[in-house]
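In what follows, a structure is listed as structure tokens, so that the remarks can point back to it.
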Amino acid sequence: MFRLAHLSDVHLGPLPDVAYRDLVSKRITGYVNWHRNRRQFLHDSVIDAIIGDMKAAAPDHVAVTGDLVNLALDIEIDMARQWLELLGNPHDVSVVPGNHDAYVPGAFDKVCRAWGNWMTSDGGSPPRDREAFPYLRIRENIALIGVTSARATAPFMATGYFREGQRRRLAKLLDETGAKNLFRVVMIHHPPIRSAVGAHKRLFGIGRFQKTVLRHGAELVLHGHSHMPSLYTIDGKDGRVPVVGVSAAGQAPGGSRPAAQWNQLDISGEKGNWTLRLARRGLTGASMPPVELSSMDLLGETAVMPVVEPLPL
Ligand SMILES: [Fe+2]
Ligand SMILES: [Fe+2]
């Protein structure tokens, strides 16, 4: 059995003191929004409780699906690198960037430099830009494939992008790892699902992503961005593919979104006979330790039937 932990959207805070010169363009919007909406609901102690609970479960690997920071200031990016070092060895932790990590032009490349060790293909060098994505890591019989959907956008927008270059590279990786009979996990920040988030937060390239999975196959898709513990399925080459979201790992109880959670994904079996069990663990109230909130089989004979995303047109 391989235990994969999934967490997302830590939005590390509190925000460091921001210099006036940093508060230009899009960052003014983000700074005001952050103070208005997030500061009271995103807390370090919440993140620490989630990470402590996750580590106690001794996962074989940790997937972090983006939005580690808020405004992608240099100091935030460095703070997140230190947080990643505490989270785990780069060999055992895989990260994909989110829209907040690429909040302004230039931030994405800085993130590649700072967090590159957690986004590096086996035997490769750390990514220098988005051309290095998707990356591939193989741990036991699990293929971890990290796609980036992050890109700087206009103020008030939180859209993501899955374009032709990544489609081509993802298709090749899915074929290669499928031929090796591996359990293929695709990590992407934005949900590749039409109904998952509003238009200003959507992924451009949902149809392209779904067709890629339909033609080349995958066993599991993990995403963040919605801050919701959602579950969908899309059609894959070898059967239904669960698409799993998670609550923001920094979300304190009492906000409009569910309190902080992480997903425990236990994978067993072999090609043609995989079993996948999802347990959601998280907070139920202030000062309460994380507990198991639900558990269900997503692959195998006892798998449940979650919401099905219609076939791509
Ligand atoms: Fe987020
Ligand atoms: Fe996001």
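Conditions (1) in contact with a helix residue (DSSP H, G or I) (Cβ under 9 Å, 6 or more places away or on another chain); (2) modelled with pLDDT of 90 or more; (3) more than 15 Å from ligand 2 (Cβ to nearest atom), marked per residue:
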position: Trp34; (1), (2), (3): no, no, no
position: Gln40; (1), (2), (3): no, no, yes
position: Asp53; (1), (2), (3): no, yes, yes
position: Pro59; (1), (2), (3): yes, yes, yes
position: Ala72; (1), (2), (3): yes, no, no
position: Leu84; (1), (2), (3): yes, yes, yes
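Among the residues of the stretch 246-259, those that are part of a loop (DSSP other than H, G, I, E, B), open to solvent by 10 Å² or more (accessible area, probe 1.4 Å) and touching a Pro at 6+ places or on another chain (Cβ under 8 Å) comprise Pro258, Ala259.
Determine whether the stretch 197-218 contains at least one residue that is β-branched (Val, Ile, Thr) and open to solvent by 20 Å² or more (accessible area, probe 1.4 Å). Yes - at least one qualifying residue is present in the stretch 197-218. Consider the stretch 92-113 and keep the residues that are small (Gly, Ala, Ser) and within 16 Å of ligand 2 (Cβ to nearest atom). The one that is surrounded by the most Cβ atoms within 10 Å (Cβ to Cβ) is Gly98. For the stretch 113-130, the set of residues classified as over 19 Å from Val62 (Cα atoms), in contact with a helix residue (DSSP H, G or I) (Cβ under 7 Å, 6 or more places away or on another chain) and part of a helix (DSSP H, G or I) consists of Arg130 only. The lone criterion from (1) buried (at least 17 other Cβ atoms within 10 Å of the Cβ); (2) within 16 Å of ligand 2 (Cβ to nearest atom) left unmet by Met157 is number (1). Taking the condition farther than 16 Å from Pro191 by Cα, among the hydrophobic types (A, V, I, L, M, F, W, C), out of contact with any Lys or Arg (no Cβ under 8 Å at 6 or more places or on another chain) and at pLDDT below 95, does Ala252 pass? Yes: the conditions hold for Ala252. If you take the residues of the stretch 199-229 that are without any contact (Cβ under 8 Å) to a residue 40 or more places away in the chain and outside any strand (DSSP E or B), which of them is nearest to ligand 1 (Cβ to nearest atom)? Among those that are without any contact (Cβ under 8 Å) to a residue 40 or more places away in the chain and outside any strand (DSSP E or B), it is Ser226.
Applying the condition of being among the polar types (S, T, N, Q) and within 16 Å of ligand 1 (Cβ to nearest atom) to the stretch 153-198 and asking which residue is nearest to the chain's Cα centre (by Cα) yields Thr159. Just so you know, in the stretch 50-91 the residues that are more than 20 Å from Val244 (Cα to Cα) and either of a type in the set (Ser, Thr, Tyr) or touching a strand residue (DSSP E or B) at 6+ places or on another chain (Cβ under 8 Å) (or both) include one that is surrounded by the fewest Cβ atoms within 10 Å (Cβ to Cβ), and it is Ala58. Within the set Trp274, Trp262, the sole residue that is surrounded by fewer than 23 Cβ atoms within 10 Å (Cβ to Cβ) and in contact (Cβ under 8 Å) with a residue 12 or more places away in the chain turns out to be Trp274.
Of the residues making up the stretch 131-151, those that are outside any strand (DSSP E or B) and out of contact with any His (no Cβ under 8 Å at 6 or more places or on another chain) are Glu131, Ala132, Phe133, Pro134, Glu140, Asn141, Val147, Arg151.
The values are calculated or read from the model by the stated rules, or taken from the named source; none is laboratory data. If you're wondering where the values come from, they're calculated on a predicted model, not measured in any experiment. We place every Cβ from the backbone using ideal geometry, glycine too, and count neighbours over all the protein chains shown. Each accessible area value is taken on the protein alone, full model and side chains, heavy atoms only, with ligands, DNA and RNA left out. Shrake-Rupley method; radii C 1.70, N 1.55, O 1.52, S 1.80 Å.
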